Each structure stands twice: as C-alpha cells, then as structure tokens.
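K.L.:
Please read through the structure below; I'll follow up with questions.
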Amino acid sequence: MACQSCSTSDGGAPKGCKNNGTCGTDSCNKLTVFDWLSNMSLPSGEAPFDCVEVRFKNGRKEFYRNTEKITLSIGDIVATEASPGHDIGIVTLTGELVKIQMKKKSVDHTSKEITKIYRKASQKDIDIWSAARDKEEPMKVKARELAITHKLEMKISDIEFQGDGSKATFYYTANDRVDFRLLIKDYARVFNNRIEMKQVGLRQEASRLGGIGSCGRELCCSTWLTDFRSVNTSAARYQQLSLNPQKLAGQCGKLKCCLNYELDTYLDALKDFPDFDLKLKTDKGDALCQKQDIFKGLMWYAYTDNFANWHVLKIEQVKEIVAQNKQNINVSSLEDYAYEVVVEVEKNFNNAMGQESLTRFDQPKKSKNRNKNKNKITNQNTNSLEPKANRAQLNQKQGQEQPKNPQPKKAPIIIKKNESKE
C-alpha cells in the first residue's frame, strides 16, 4: 500500500511522499492497519466507538478517548492529553476496529485511565511540532558526545520531542544498569528542556530505527511484528540449522525472530521420530543417531566403534529395532535394515546457443584503433594490387588488338575458267 503522493516520477523511478514516516494518509508508515470496515455503516441507533488510535514518531501508538465527539478520520492531526502539556499525533484508526486492537493489546476500553483528545491541531500547533522535530537530529549528536564524556556504557538511539516542545524523551540501550543522574543535569542545562530517559531493548531499538534484513525485505519488527518473544538456540537445533552466530543473528545482535515462525511445525513433525539419544543394540555393537531428515523421514546411525560409516534407516525400521530391544532381543546388524538412498543424477545444462549470457543481445563495441589499423592494411593491399591489375588490363587490350601467334596471310587463289570458242 502507498499514498497517492508516492507515485512514480518521469522515467519510472519511485518518487515517494518524502514525509519520513509521518505520511498523512497513514498508507506508507510502519505497523499500519487496514480499515476494512470503513465502507460499512453502523446500524440505526448504534453510537460509534468513542476511542481512536493515534500514532506518534517511529510507529508508537496510543489509544485516546474522544470525549468531545469530534468527527475524526484517518490522517487527521490531533492534540492529545500529555503530562505535562499536550502532544501532537496522527489518527491511524477509528471505529469498531479500535476495540479489536485494544483487546489484542490487553487494554480495557472501559477504563477511566485512558487519556482524551483535546482538539484537532491548529496551524500553530503543527508549526511548533515540526520545529521540535527538526531539533532532534542535531540534539542526538550532542547527547551522544555528552554521554561519551561521562564515560557511560550506553547508546542514545533516538530522541522524541513532545508535540508542544516542552519535553524530550531520550531512548537508550545499555547492557547493565547505568547511573545517569549527572548526565541528565547536563542535558537539562545544555538543551534547556525537560528530559526523560527511557531504556529500550535491542529488539525495540531495531524496530524503531528499521532496516533491511538478510532476506532482502524490511525488518519484521519495524513493519508488522509487535510482540517480541524470546528466541533460543534450541529453535535452531530443532530445525537442524548450523549454529553460526553470524547467520542466525539479526541487525539487533540477537537471534532472528523468524526462527520461531516454523518452530511449531518442526516440533509436530519430530513427535513421530524416536528419541535422538536412543541407542540401537545389535550383535555388532551399539549404534547412535548422527543425523535425521524430518521431511523424508530418515535417520542416520553409526556404530560406536566406527563413526565413519553411516547407515540410513527409515522411521518404521528404527521403531521396529527399538521394539525388539525393549524385549531384550538384539538385531543382527544395521545392514539388514539399511535403506538405499537413490541419488538423483544432476542435469547439466548445455549452453549450445549462448542463451545464458546476459549480454548476448548487446552489440559489441568497436574500437577506433582497430578500425584505423584495418584501413591501413586495406590501403596497402590495394596499392600493391594496382600495378598487377593495370598490367592485366593492358595485356587484355593488346590481346584483343593483336593475337598472340599471328599467321601470315595467304594470297587469294584465282581460278580462270576456259572461254568457249565461237
């Protein structure tokens, strides 16, 4: 989804609305919710839901009560209650879907602690809000310099100003507890503003900053993921992934959240498999499982005295051996139950016509030096051939005028007839 101003420019390149996460229509922001009830009207006599969802910087959303019965729609800029003063946000959801979102986030819509909406933001409110937003980046650079001078092991990841500019919230990450009492005093003296420090985790920091993952898509935590569950290395072991921290870690430095997506499917499939640590007793010795294929239902076993040779068994065959071992019966060997894996022959592609070349349709570039050399060679050849051609033409003309072996002309023979006598 995208807003109307996210059209393409001349030449097909995406132009974008350039609102940097504060799109008015809320169509190209983080964690947007599609209002599929917008075209449906309420039954007669039914009052609309009095709570709305308001979004602030970096996808932070809160629920507010519309006590003044203001007609609000998605994209309206409103002034909301804050402590102290007021805050400025954008309405992202109205109607009955707000009740579903509040239930999903465990917020009681009947609670009196829900703050209210004051009014629609005026132009003066918007100007103060935009001026405060412009101060955040240079303020963040200065705040990091002050944290380094105090030699505190913390990182200032983001700064968010309140809508009226009366308070600034500093989001930071730290591994241990940090004593920043002196730092806050310096912040209040330098910035001349009310300061609030808020610690966030590494996953929350990545969701606020955003980025592109190793899969080539935007980070799940910054687009649609709202709850951050703990991810253990056991999730990688169940899925038989290599325990390489460089591949399993995300941009936050923690294990990737996507490791939990297919974990339940793998756990359901592993219920049909025998225990991985279970030994198979044979006359040749005990055998231990070395590897298993969940999708094909195969297990690889090797004898304890010869781990180099692996034998492939199906799940049914392993269960049969386990059942016999429970009756104190040892099978003869694993070779009797071994399953032959058919290796598929790889099909090699023969590039007969050069179809795999990406530049096969491009015309080769002609170098100027080669053309000059070719012209020199052709001129030399033509000059050397000219005298031969002239001689041949002269000989041909002379041959037409005079034959090569002229014969002397014979005198004509005149025969006189005898005259008849009268």
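K.L.:
Checking the conditions here, which among Phe34, Phe49 is open to solvent by less than 70 Å² (accessible area, probe 1.4 Å), modelled with pLDDT under 90, among the aromatic types (Phe, Trp, Tyr) and assigned to a loop (DSSP other than H, G, I, E, B)?
P.N.:
Working: Phe34 fails: open to solvent by less than 70 Å² (accessible area, probe 1.4 Å).
Just a single option satisfies the conditions, and that option is Phe49.
K.L.:
Only residues that are open to solvent by less than 40 Å² (accessible area, probe 1.4 Å), more than 35 Å from the chain's Cα centre (by Cα) and of a type in the set (Asp, Glu): list them for the stretch 165-210, please.
P.N.:
Passing the criteria: only Asp186.
K.L.:
Out of all the residues in the stretch 52-87, which are buried (at least 18 other Cβ atoms within 10 Å of the Cβ), part of a strand (DSSP E or B) and not basic (Lys, Arg)?
P.N.:
Val52, Glu53, Val54, Phe63, Tyr64, Ile77, Val78, Ala79, Thr80, His86, Asp87
K.L.:
Right, something else. Using the structure shown, decide if Leu225 is under 23 Å from Glu136 (Cβ atoms) and surrounded by 12 or more Cβ atoms within 10 Å (Cβ to Cβ). Spell out the reasoning first.
P.N.:
Numbers: under 23 Å from Glu136 (Cβ atoms): no; surrounded by 12 or more Cβ atoms within 10 Å (Cβ to Cβ): yes.
No.
K.L.:
Follow-up question, since we're still on this one. Sort through Val91, Val107 and tell me the only one that's crowded, with 18+ Cβ neighbours inside 10 Å, within 28 Å of Glu205 (Cα to Cα) and not basic (Lys, Arg).
P.N.:
Values: Val107 fails: crowded, with 18+ Cβ neighbours inside 10 Å.
None of the others qualify; the one that does is Val91.
K.L.:
I would also like to ask the following. Restricting attention to the stretch 114-131, which residues are of a type in the set (Asp, Glu) and either touching an Asp or Glu at 6+ places or on another chain (Cβ under 6 Å) or open to solvent by 50 Å² or more (accessible area, probe 1.4 Å) (or both)?
P.N.:
Correct list: Asp127 only.
K.L.:
Are there any helices (runs of 4 or more DSSP H) wholly within the stretch 144-226 with 2 or more residues that are at pLDDT 90 or above, and if so which? Even if it seems obvious, please write down each step before you answer.
P.N.:
Numbers: elements: 181-191, 202-209, 220-223.
Output list reads 181-191.
K.L.:
Got a number for residues in the stretch 298-338 being surrounded by 14 or more Cβ atoms within 10 Å (Cβ to Cβ) and hydroxyl-bearing (Ser, Thr, Tyr)?
P.N.:
So the count comes out to 4.
K.L.:
Can you name every residue in the stretch 218-237 that is closer than 24 Å to Phe34 by Cβ, touching a helix residue (DSSP H, G or I) at 6+ places or on another chain (Cβ under 8 Å) and of a type outside the set (Ser, Thr, Tyr)?
P.N.:
Looking only at the stretch 218-237, we keep the residues that are closer than 24 Å to Phe34 by Cβ, and these are 218-228.
If we keep only those that are touching a helix residue (DSSP H, G or I) at 6+ places or on another chain (Cβ under 8 Å) as well, we get 219-222, 225, 228.
Hits for the stretch 218-237 are Leu219, Cys220, Cys221, Leu225, Phe228.
The values are calculated or read from the model by the stated rules, or taken from the named source; none is laboratory data. This one's a predicted model, so the numbers in the text were calculated from it and none came from an experiment. Reconstructed Cβ throughout: ideal geometry from the backbone, glycine too, with neighbour counts over all protein chains shown. Areas reflect the complete protein model, heavy atoms only, side chains present, ligands, DNA and RNA absent. Shrake-Rupley method; radii C 1.70, N 1.55, O 1.52, S 1.80 Å.
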